[in-house]
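Only one structure is covered here, and it is reproduced in the block below.
The values are calculated or read from the model by the stated rules, or taken from the named source; none is laboratory data. As the structure is a prediction and not an experimental result, all values here were calculated from the model. Cβ coordinates were reconstructed from backbone atoms using ideal geometry, including for glycine residues, and neighbour counts include every protein chain displayed. Side chains are part of the model used for accessible areas, which takes the heavy atoms of the whole protein and leaves out ligands, DNA and RNA. Shrake-Rupley method; radii C 1.70, N 1.55, O 1.52, S 1.80 Å.
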Amino acid sequence: MTSQTIAMIIAFVLYLGLMVYVGLRNAKNNNSASDFFLGGRKVGPWVTALSAEASDSSAWLLMGLPGLCYLGGFKETFWTAIGLIVGTYLAWLLIAKPLRKCSITYKDSITIPEFLSNRFNDKTHILSIVSVFFIVVFFTIYTASGFVACAKLFNSVFGLSWNTGLLIGFVIILSYTILGGYRAVCTTDFIQGSLIFIAFVISGIIIIVSLGGFGNAVVQVQSFTERATSGEFGDAMLKAVTGNKSFGAMSAVSAFAWCLGYFGMPHIIVRFMGCRSNKEISTARRVGIIWMIISYIGAILIGTLGTAYLLNKGILLGANASEVTTAGLKVFGAGTQEAVFSYTMQKMFPAFIAGLFLCGILAAAMSTADSQLLSASSAIGQDIYKGLIKKNADDKKVLLVSRISVFVIAILGLLLALNPNSSIFGLVSFAWSGFGGTFGPLILLALYWKRTTAPGAIAGLVCGGVTDVAWHYLHGGVFDVYEILPAFIVCLIVTVVVSLLTKQDEEVAAKFEEYKNLAD
């Protein structure tokens, strides 16, 4: 074992130890279900902002997005980033304050399924059951992407096997989520968000300077693309690069449509509900948007300029070693392009510093996976166990069921991540569309349209979910549009039509007026 490897191991151990310590320290603060799931609505604006953005960005920000850029997918990355920034801003602007007020008005709801059930006064509990079902399904897929990121990270840095990397990520994420709950998740997300921000800012500046300035860097990237499209790096790289060049209007619409996801992400919008006060949400919005813009610029720089930077260091990602005709290169096979950030950090910094920044990848994976596990487990414990099975259950039993649920969902996510060919971007894309196309329209209608009814919400949720899954597996023509867009439209239309055809609950309408008149 080399001294460089030892230095990086020390950095990882220190970081992971800090995360577990945060979980243990916050475990004693969980005296109720509200504390465990929502932090007692006592989280400040800075922690709320960075927690929301860190749990949103996940490992795809440091691996999936740069990997797409590396293979020439700049246009798709750009439009996706623009869509996400716009979506983030609109979510903070249109949902944050109203959702916090509305969730308090409707029986102080602490989970998204509970909020929807209370908002529409669904006495059949069908809305809760369907909501929890979609949350568990899509969060299991989303959590799997975090475990995949851990496996790719530990493989590229330490040469560990795929399954060993998965197991390490599984144990760490599981431990502090089960122990610490919402406050631990928010605190670790704040630390992780700060680390991601610093890593992108410093590495982005260094990579531009090392390539001789931005102009020279662009020339070198163009040279790399020309060499790849000429077939110099083999058929695998040629197909990947030329495939990303076919980017038209439909592709741009699909990429921008990622913005719709923010209206329905349970693990993100629940942060709005947990903020200390509505007055602090404006501060949180500004902090979150600034963090996001700078981080996305960093991701695009590393992915785009990383081609030239790593080639100068003798590294080529995403190619077949037997096909590469250029001598003197260390070639890594198909799928390794998502490790461009990892290899760049290792070549750019001393081992210990590189180890700390590489923890940013782990941070991104963990900050999302822990939030998703907490949201899914809260839905099972609060909405299914206490809401349907045992209505008089005390908080201790609810917390126990929720913690068991965290473990079970994590196991399912681990099983999905066992495939070494899994794509972080692909897994996140599917889960993102699932939430955006099902919960997004319902959240907006719940906050802004008094006439929405429980039957309308149920019908919209089911139709949106079915459309999303079906569209995902259909290809060609209009079916190449990102599934979040048709699912969102179907859910919205069905909810409105069915609501107009069914009777409105007078009690719900009265509560809606109470919520609208509630002071910020």
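Tabulated values for the structure
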| read-out | value |
| --- | --- |
| Criterion (assigned to a loop (DSSP other than H, G, I, E, B) and closer than 23 Å to A457 by Cβ) met by exactly one of K123, K101 | K123 |
| Residue within region 495-502 that is under 12 Å from R119 (Cα atoms), part of a helix (DSSP H, G or I) and touching a helix residue (DSSP H, G or I) at 6+ places or on another chain (Cβ under 8 Å) present | no |
| Some residue of region 496-510 being buried (at least 24 other Cβ atoms within 10 Å of the Cβ), at negative phi and at pLDDT 95 or above | no |
| Number of the exception - V253 against (1) modelled with pLDDT of 85 or more; (2) more than 23 Å from the chain's Cα centre (by Cα) | (2) |
| Given (1) closer than 30 Å to I268 by Cα; (2) of a type in the set (V, I, T); (3) surrounded by fewer than 17 Cβ atoms within 10 Å (Cβ to Cβ), index of the condition T326 fails | (1) |
| Those residues of region 375-399 which are among the aliphatic types (A, V, I, L, M), open to solvent by 10 Å² or more (accessible area, probe 1.4 Å) and under 26 Å from the mean Cα position of the chain (by Cα), in sequence order | I380, I384, L399 |
| Among residues of region 129-164, those that are surrounded by fewer than 21 Cβ atoms within 10 Å (Cβ to Cβ) and aromatic (F, W, Y), counted | 3 |
| Every residue from region 138-163 that is of a type outside the set (A, V, I, L, M, F, W, C) and more than 14 Å from the chain's Cα centre (by Cα) | K152, N155, S156, G159, S161, N163 |
| Residue under evaluation V428, criteria (1) assigned to a helix (DSSP H, G or I); (2) open to solvent by 30 Å² or more (accessible area, probe 1.4 Å), criterion not met | (2) |
| Test set (1) modelled with pLDDT of 90 or more; (2) within 23 Å of the chain's Cα centre (by Cα); (3) crowded, with 16+ Cβ neighbours inside 10 Å - R183 fails condition number | (1) |
| Checking S423 against (1) farther than 30 Å from G303 by Cα; (2) of a type outside the set (K, R); (3) touching a residue at least 12 places away in the same chain (Cβ under 8 Å), the condition it does not meet | (1) |
| Residue list for region 465-480, restricted to those being open to solvent by 20 Å² or more (accessible area, probe 1.4 Å) and under 21 Å from L444 (Cβ atoms) | V466, T467, W471 |
| Entirely in region 1-96, the helices (runs of 4 or more DSSP H) that have 1 or more residues that are modelled with pLDDT under 75 and open to solvent by less than 10 Å² (accessible area, probe 1.4 Å) | 3-27, 33-38, 45-57 |
| Candidate set: region 481-494, residues that are assigned to a helix (DSSP H, G or I) and open to solvent by less than 40 Å² (accessible area, probe 1.4 Å); chosen: the one farthest from F138 (Cα to Cα) | V494 |
| The lone exception for L445 - which of (1) under 20 Å from N121 (Cβ atoms); (2) open to solvent by less than 10 Å² (accessible area, probe 1.4 Å) it fails | (2) |
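Results for (1) more than 15 Å from the chain's Cα centre (by Cα); (2) of a type outside the set (D, E, K, R); (3) assigned to a strand (DSSP E or B), shown as yes or no for each residue.
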| site | (1), (2), (3) |
| --- | --- |
| W258 | no, yes, no |
| R271 | no, no, no |
| S282 | yes, yes, no |
| R286 | yes, no, no |
| I290 | yes, yes, no |
| I294 | yes, yes, no |
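Results for (1) under 20 Å from I172 (Cβ atoms); (2) at pLDDT 80 or above, shown as yes or no for each residue.
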{"site": "L317", "(1), (2)": "no, yes"}
{"site": "A351", "(1), (2)": "no, yes"}
{"site": "A363", "(1), (2)": "yes, no"}
{"site": "Q372", "(1), (2)": "yes, no"}
{"site": "S375", "(1), (2)": "yes, no"}
{"site": "G381", "(1), (2)": "no, no"}
{"site": "K397", "(1), (2)": "no, yes"}
{"site": "S402", "(1), (2)": "yes, no"}
{"site": "I409", "(1), (2)": "yes, yes"}
